[in-house]
Structures are given as C-alpha cells and as structure tokens.
Amino acid sequence: MTLPTEMQFIVVEQPGGPEAMLLRTAPVPVPQDGEVLIRVEAAGVNRPDISQRQGHYPPPPGANPNLGLEVAGTVAAIGAAVTGWAEGDRVCALVNGGGYAEYCVAPVGQCLPWPRGYDALQAAALPENYFTVWANLFQAGPFGAGDSVLIHGGTGGIGITAIQLAQAFGAVVFTTVGSADKARACERLGAHAAINYNEADFAEEITRLTMHRGVDVILDMVGAPYFARNIASLKKDGRLQIIAFMQGSTIERVDLLHIMTKRLVVTGSTMRPRSAAEKAAVAQGLREKVWPLLDEGRCAPVIETSFPLAEVAAAHRLMETRGHIGKIMLRVP
C-alpha cells in the first residue's frame, strides 16, 4: 500500500473550549514494533477528550498527546513482530491518543476486527466503551447471571454498553437518567428500571425496587455527590466501581460503618494509563466473550450522530450539552 507522507489531524495548542481544537498537517506516523498503522475512517468522541481539551486530563507518559482514543479503519502498514493482521484488514482499536486524524498507530494487542455487518462508524463506537465496561463490570470482580447492577448515566456511551452487556449476561439492570425520554430509551435497551434522578431519589428507588435488598454492583461515573447513596444502595458484599467523577472527587464526610458492616468493596480504575499488556488482556476477553454477541446482533452501539473531522468543535459542543443518547462520532475523509 502506497502511503502519503502527510495527514490531517486535530491538535490543541492551548487548553480551552471547542474552538481550541485546530486542524493541522503532520507527517504520517510510522508503526513501531508491535504496532499497526490504521487508515482512520471514523473516530469516537469521549468525555476524556473533553477533559483533555480543557487541560484537566493530561495523557500518561509515553502516550500520544493528541485527542482521540478509539478509531476504526483499515490496516495501512504493520510494524515488526506483528502477527494476525495484514494490510487492508478492517480493524477497530483502543488507541493511546491521536485518533482524531487520518492515520493513527495502535498497539496490536488493542486491535479487534469489525463485527459482522458493521461499518466504520459502528466499529469505531466500540473500543473505549467496551474496554471500559468489560474491565470494570466483568473483570474487576464476580458478576454475571442473576446479579444486579445499578448503572449511572444510562444513555451515555458507557451506560448503553453496560446495560446491554449486563442484560446479555443475565443480570438485572437498573439505571439512572435525567428525563423520561432517556428512561424509555434505557428500558428499550434492556434495563429493568430507569430512575429519573430529577423526579426521585435513586437510593430510595433502589430500596423499593429490590425490596430492601440492594444491588450487587454499582458502576458510577458521577463521583462525590452520589457516594453516600451508592453505599446505601449496595447489598451485603456489594461492589462500588468508580470509573469517573464528573461532579467531583472529594467527599467531605463518610460513615465507614456501612462499608464495614455490609462488607463492601469500594474500588476504581482508569483505562488510559494501563499497560499495553493489561489492555491486551481486556481485548482478549472481549474477543472471546463479547464479539460473538456483536456478530449475532445481541448488542450494538447506539450512535446519536456524526460530524466530519473538520467539524470536531461542533461534536464537542453537542457532547457538552449532555442532551444526546449514545455515541457522537467523527467521520474521517
């Protein structure tokens, strides 16, 4: 495959609002040992991109400093020690930055094939959410058929993915949302109940819905304001899995008695700083357990809309409204 020498990509030269993202030209990257070069056809927009653009989420050491954490396209070149992929293969990947571009490199262990019947937008909508949900809901502790889970933010990319996967593996799913329309969307996706936090206290509703038993797992990205109610909503030996803190990370007062008496596990994680080996292990679990569900159509990403790469500012503005249901995507020419 003959490659161009230059590509277009998005750079943030100074942190700021959506207008801080600029379309620039740079040399096409060269894949190193264990990497593939992807000709990007679509890229996902994620909340970590918003935080990084604002200057609140610096990339870990060694990561590409530019925006974009998930892509789909075709393999354009392969580095040394790469097996299982060839030029022209359709691939989606969790990347270590730089996905808002015409070309992007990815560690081979973080690459997965397009599921059956998928186009580039659908494939690019998978990696960030599916890696995160699989690692935190399924690999971080016991979870499966017969268990119950409360998923906050049910109509975001993480929430939609978690609802579908938990339901597919036989769990009872509850979620929180901010409107009646979003509640109906979550129930269509498989949630047993969607709690509108503008109309009811989710902890009281979980108590009622579970007949005072509570849930086995809570997947939380809200943070400090929900902590006490999350603890109250867990059953004995339950697990609170914190993956973000969109409304704050500092808790002023915590009564540890409830954690001790219910033998709760409170834990958290991030995906981007994990090693290539750790991410490859997540990818392997997805390929074995989840990709067959995608091939069969039992789970699928929900896409709100897409924008051309040059209109990335509009994509970020839409995400900041929090009015969307599902993924916001970028189309790369």
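Quick note: the coordinates plus some simple rules give every number you see, no bench work behind them. In this text the structure is predicted, and so the values were computed from the model without any measurement. Neighbour counts run over all protein chains shown; Cβ positions are idealised from the backbone, glycine included.
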Seminar exercise, completed: Taking a crude spin-label model, label points 7 Å out from Cα along the C-beta direction, the E252 to D295 distance in nm is 5.4
Exercise. Percent relative contact order of the stretch 141-268, based on C-alpha pairs within less than 8 angstrom and at least six residues apart?
Worked result: 20
Seminar exercise, completed: Quarter of the surface of the C-alpha convex hull for the stretch 173-227, i.e. direction-averaged projected area in nm², equals 3.9
Seminar exercise, completed: Cα-based Debye curve of the chain sampled at q = 0.07 Å⁻¹ gives log₁₀ I(q)/I(0) of -0.28
Exercise. Rounded to the nearest 0.05, what FRET efficiency do E311 and Y57 have when you use their Cβ-Cβ distance and R0 = 22 Å?
Worked result: 0.50
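Of the peptides 62-73, 157-168, 29-40, how do they stack up when ordered by the mean number of other Cβ atoms within 10 Å, highest first?
157-168, 62-73, 29-40
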For this session: May I ask you to list the lysines whose Cα is less than 20 Å away from that of K327, ignoring any residue fewer than eight positions away on the same chain?
Result: K182
For this session: With the Cα gyration tensor of the stretch 141-268 in hand, convert its eigenvalues to equivalent ellipsoid semi-axes via √(5λ) and list them largest first in whole Å.
Result: 21, 17, 14
Exercise. Can you pull the three principal axis extents for the Cα set of the stretch 28-69, in Å, largest first?
Worked result: 31, 25, 15
Problem set entry | Overall dimensions of the stretch 87-165 by Cα: Rg and Dmax, Å | 14.3, 44
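For the residues W114, W85, what sequence is obtained by ranking on other C-beta atoms within 10 Å, fewest first? Mind dumping the intermediate values first?
Details: W114 22, W85 14.
Lowest to highest Cβ neighbour count: W85, W114.
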Exercise. Measuring from a point 7 Å past the Cα of E19 along Cα-to-C-beta, which residues in the stretch 311-326 have an amide N at less than 14 Å?
Worked result: 313-314, 317
Problem set entry | Length added when fully stretched, R208-T321, from 0.36 nm per residue minus Cα-Cα | 37.5 nm
Seminar exercise, completed: Amide H neighbours of S306 at under 5 Å, excluding residues fewer than 5 places away on the same chain, with H built from the backbone geometry, are M329
Problem set entry | Inter-probe distance in nm under a simple model that places probes 7 Å from Cα toward Cβ, at M260 and A281 | 3.2
Problem set entry | Evaluated over the stretch 1-97, the Cα radius of gyration and Dmax, each in Å | 14.2, 41
Exercise. Fully extended, how many nm does the chain gain between A86 and A180 (0.36 nm per residue separation, minus their Cα-Cα distance)?
Worked result: 29.2 nm
For this session: Can you grab the distance from the C-alpha centre of the stretch 263-284 to the C-alpha centre of the stretch 25-104, Å, no decimals?
Result: 19
Problem set entry | Relative contact order for the stretch 45-139, counting Cα pairs under 8 Å that sit 6 or more residues apart, in percent | 27
